[in-house]
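These notes are about the structure you will find just below.
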Amino acid sequence: MIDENSLESVVIRFAGDSGDGMQLTGTQFSNTSAVMGNDISTFPDYPSEIRAPSGTIAGVSGFQVHIGATEINTPGDEVDMLVAMNPAALKANLHSVKPAGYIIVNRDSFTDKNLEKAKYATNPLEDGSLENYRIISAPITSQTIEALKEINVDSKTKDRCKNFYALGMTYFFYGRSNETTIKWIEGKFKSKPDVVKANIAALKAGSFFAENTEAVVSTYKVHSAKIANGDYRQIDGNTATAWGFIRASEMAKRPLFIGSYPITPASDILHELSKHKDFGVKTFQAEDEIAGICSAIGAACAGSLAITTSSGPGMALKTEAIGLAISYELPLVIVNVQRGGPSTGLPTKTEQADLNQALWGRNGEAPLVVMAASRPSDCFASAYEASRIALKYMTPVILLTDGYIANGAEPWKIPDLDTEYGPIATRLVDLEKIDYQTFHYMNRDDKTLARPWVIPGMKGLEFRMGGLEKDIKTGCVSTDPRNHELMCELRAKKIELIAEDIPLQTLEGADSGDLLVISWGGTYGSSVMAVRKLQAEGKKVSLMHMKYISPMPRNVESILKNFSKIIIPELNLGQLRTLINSKFGVKAKGYNKVQGLPFKISELVEAFKQELIKE
Amino acid sequence: MSEACYTRKDFCSDQEVKWCPGCGDYVILASLQQALATTGKKKEDIVCVSGIGCSSRLPYYVDSYGFHTIHGRAPSIASGIKLSNPNLSVWVITGDGDGLSIGGNHFIHAMRRNINMNVILFNNQIYGLTKGQYSPTSEPGKITKSTPYGSLDHAFRPGTLALGAGCTFLAKALDTDPKGMTEAMVGADLHKGTSFIEVYQNCVIFNDKTHDLYANRNTRPDMTLMVEHGKPMVFGKERNKGIILNGLKLEVVELGDRYKEEDLLVHDKHNETLAYMLVEYSHPPHFPMVLGVLYEKEQSTYEHMMEEQIKAVKEKKGEGVFKELLYSGETWTVKNDN
């Protein structure tokens, strides 16, 4: 007799050798769940070595899926079910499994050789070390081969189908339909009918095994989440960023140019844009980070919507050029997909420790706009918004994302483009509308202080510009002391004025209370879930998630006043906290973590609770 | 192709030129202005891009579009300008410090990419703007402010470096020869690809007369060889000297009883090996400094290939439609009844 239980949400991690197809298996599980109406969030966990030896811990590749009947905002703290295709996968991921959590293991792979590669002295399936978990031990490899014995494919192909067998098991376990995956298999291997047959047979065999084996005593249902009507797709942060720029370019009627140098975890933005030459995107892989941004500056000089993408160490190299873009007053978007630092740091791990660098990391008084995206799908809106501000105000904008949201994926309600992502105005000079007698490239817009965008090719407006200080009126080189001060003030004022053109800061929760949680960037998911949990417990806690950091929305100061305490969780040692405290004279506390890992919801709940009870 | 009709004066900006009196940069500026008036390119389509250093002030003095950028990065910024708008005529102005030291990486990559732009390197073999330190082209042992006991560095030969990096047009000129320089610049403008012109330029303050042996009007004819494609390599005040190929070596010979003009090496600007030899052999007084267009090669430009690739993708996939991109891959519809 199998019990059927209903769950609010469930976290599953598929783990195996790099060659076991775990990314694909995880993606199939999440797609099926999304189509069945669950909210989802996913996160891939690749080894940092490209081709680590098979069977070793370094070679383990994982994919975590969080599905829910309620809103899901993170890939999940702890794992309800681990699928471990070999001993190394078990060893590398056991720590993330909840006590009494399920572990599906491929029994066939627990050979002496594999145990040794995973550095197990004894077989964990036999030595009692897993007694706190619920183990479903299945001969996945042999059963797959058995199930495919009538199908005309070679033995290597049969072995490769074992991930679908494991997927079939999880489908039965969580009441998923096989249909979406079957359709995908049929499309993917259209030209190889035997491979289609083999994969479908493995998937079904896995489901049947789970149904018939006594090891499975319960199945679980995760009902559809109450999700707004509309068309949905999955999107990861880097793809969303790339697409946001394509849309902005189209809406600004300015060609898109990206000058970039490969760096983890930002390279996928360059890869994605390189695919879209049908949109006229010009992608330039430069010889280094400096050439990346400098080519983008050149493209901006010549009238493109220019962007450059990087991560911490690359940002450090771009610093001087960012100053030039500030001095030139050019539209330019610089994306920093943050990773652990300093120096090379933790390239494949996430962190939020580049905020100070973005705000202050340049010589001279060098203000610019700093924004941060909050989740994978928000990268689209953020890239579009960063472009809008850059083009309207003739300023560089730094857009901060991070490794966690860049690689994480979630369902995204496909937006109504016309209403949400419409035309973008630029300062590009219309030669038919100007009076040549009075026009000057330093004549600013009265309201925004933005200079007009004059580009080579415009007849009669030829001008020279440098990184040397410019006369406020003529634009010519000036070393006049008072002029320099005026120019510094003007550049600062221009950025401050943008506060008039960004949405007011919103809160999740009441606009006054005992504790205000301030988060920014990629920690939104865990922060909002933690705050909601406390709100449900009756605590007077609100969340202020910041997207705009320089300039800040005009109402931030007034919000702070209405709370007795403030806590700022950050994946750094307190960078936003220092800024908020010094800017507004408050005494916000920090909850800080620099382990290369995202926040767990549970640790934030605990931290906020502690802050609430403190005297 | 163009109706543009200019004189040199049309390219003089309203800015006062602020180089030291007697600086070689004045002649380079005038030669460039003369060349720009000759190329037929429209003024508004011309962009001068420079880095940092004395030479890099030049864009302020040319009445066209000009960008004075940051140290060493002019080739990168110029690349972005040209790729963004291939219709522009882009000139990179740099020096031996700017182009070969801090900007060495961008220099070599610009050479290999072959974006259609012209790089003029003012080689005075010294840092002028920072008041006299040795540069990557200074001779070993040079006594400067930062090397009071002599520099320990070996020098780059900019021409060899450029050829090694894959440059498709190499010319050399003297700041005392505006005519030769203007011709090299016009040739560079006609060349489709990255053109590199090295100009031997005198710094009157920190490295005066460093090029004097071959640059001054008296010794120049005997110390330099102006090569012309398809012409025998003759030089000398009396045009009585020439170059022959002896085995794998170049040799200076006297014309007379033993050697006639027809015995001399004929310049072939398409011969890359010869170009290397001419750069490397240039060692006055033992071998004349070779000037003029040393090398030229036809090769597709980067920006042309970039445009072609975009065209080809658009022809195959059709013009991108953003909504279709959003709906690409798997999508699903959520429809709640309530």
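The values are calculated or read from the model by the stated rules, or taken from the named source; none is laboratory data. Quantities reported herein were computed from a predicted structural model and do not represent experimental measurements. Neighbour counts are summed over all protein chains in view; Cβ atoms, including those assigned to glycine, are modelled from backbone coordinates with ideal geometry.
Summary table below
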read-out	value
Looking only at segment A:226-271, and only at residues there that are surrounded by fewer than 22 Cβ atoms within 10 Å (Cβ to Cβ) and small (Gly, Ala, Ser), the one that is nearest to the chain's Cα centre (by Cα)	A:Ser267
One residue from A:Ala291, A:Ala225, A:Ala306 being part of a helix (DSSP H, G or I) and among the hydrophobic types (A, V, I, L, M, F, W, C)	A:Ala291
Residue satisfying all of: in segment A:141-182; outside any helix (DSSP H, G or I) and basic (Lys, Arg); nearest to A:Thr32 (Cα to Cα) among these	A:Arg176
A:Ile104 over 21 Å from the mean Cα position of the chain (by Cα) and assigned to a strand (DSSP E or B)	yes
Residue in segment A:499-511 that is within 12 Å of chain B (Cβ to nearest Cβ), surrounded by 13 or more Cβ atoms within 10 Å (Cβ to Cβ) and part of a loop (DSSP other than H, G, I, E, B) present	no
Strands (runs of 3 or more DSSP E) wholly inside segment B:192-303 that include at least 1 residues being polar (S, T, N, Q) and in contact with a strand residue (DSSP E or B) (Cβ under 7 Å, 6 or more places away or on another chain)	B:195-200, B:224-227
Meets criteria (crowded, with 17+ Cβ neighbours inside 10 Å, over 30 Å from A:Leu305 (Cβ atoms) and out of contact with any strand residue (DSSP E or B) (no Cβ under 7 Å at 6 or more places or on another chain)) for A:Val196	yes
So A:Glu211, is it assigned to a helix (DSSP H, G or I) and within 14 Å of chain B (Cβ to nearest Cβ)	no
Residues within segment A:282-300 that are more than 7 Å from chain B (Cβ to nearest Cβ), surrounded by 24 or more Cβ atoms within 10 Å (Cβ to Cβ) and closer than 16 Å to A:Arg254 by Cα, tallied	1
Test: B:Leu32 is touching a residue at least 12 places away in the same chain (Cβ under 8 Å), assigned to a helix (DSSP H, G or I) and either more than 12 Å from chain A (Cβ to nearest Cβ) or under 26 Å from A:Thr474 (Cβ atoms) (or both)	yes
Matching entry among B:Arg112, B:Arg73 (being charged (D, E, K, R), facing chain A (nearest Cβ under 7 Å) and on the phi < 0 side of the Ramachandran plot)	B:Arg73
Inter-residue pairs, beta-carbon under 6 Å, first more than 11 Å from chain B (Cβ to nearest Cβ) and in segment A:239-253, second of a type in the set (Val, Ile, Thr), 6+ apart	A:Thr241/A:Ile269; A:Phe245/A:Ile307; A:Ala252/A:Ile424; A:Ala252/A:Thr426
Near pairs, Cβ below 6 angstrom, 6+ apart or cross-chain, from segment A:102-121 (at pLDDT 95 or above) to any residue that is part of a loop (DSSP other than H, G, I, E, B) and among the β-branched types (Val, Ile, Thr)	A:Lys117/A:Thr56
Residues of segment B:286-322 that turn out to be without any contact (Cβ under 8 Å) to a residue 60 or more places away in the chain and surrounded by 11 or more Cβ atoms within 10 Å (Cβ to Cβ), as a count	13
Lone unmet requirement of (1) over 30 Å from A:Gly460 (Cα atoms); (2) of a type in the set (Val, Ile, Thr); (3) outside any loop (DSSP other than H, G, I, E, B) for B:Val49	(1)
Among residues of segment B:44-77, those that are among the acidic types (Asp, Glu) and either in contact with a His (Cβ under 6 Å, 6 or more places away or on another chain) or touching a residue at least 24 places away in the same chain (Cβ under 8 Å) (or both), counted	2
Among residues of segment B:82-109, those that are among the hydrophobic types (A, V, I, L, M, F, W, C) and more than 9 Å from every other protein chain (Cβ to nearest Cβ), counted	6
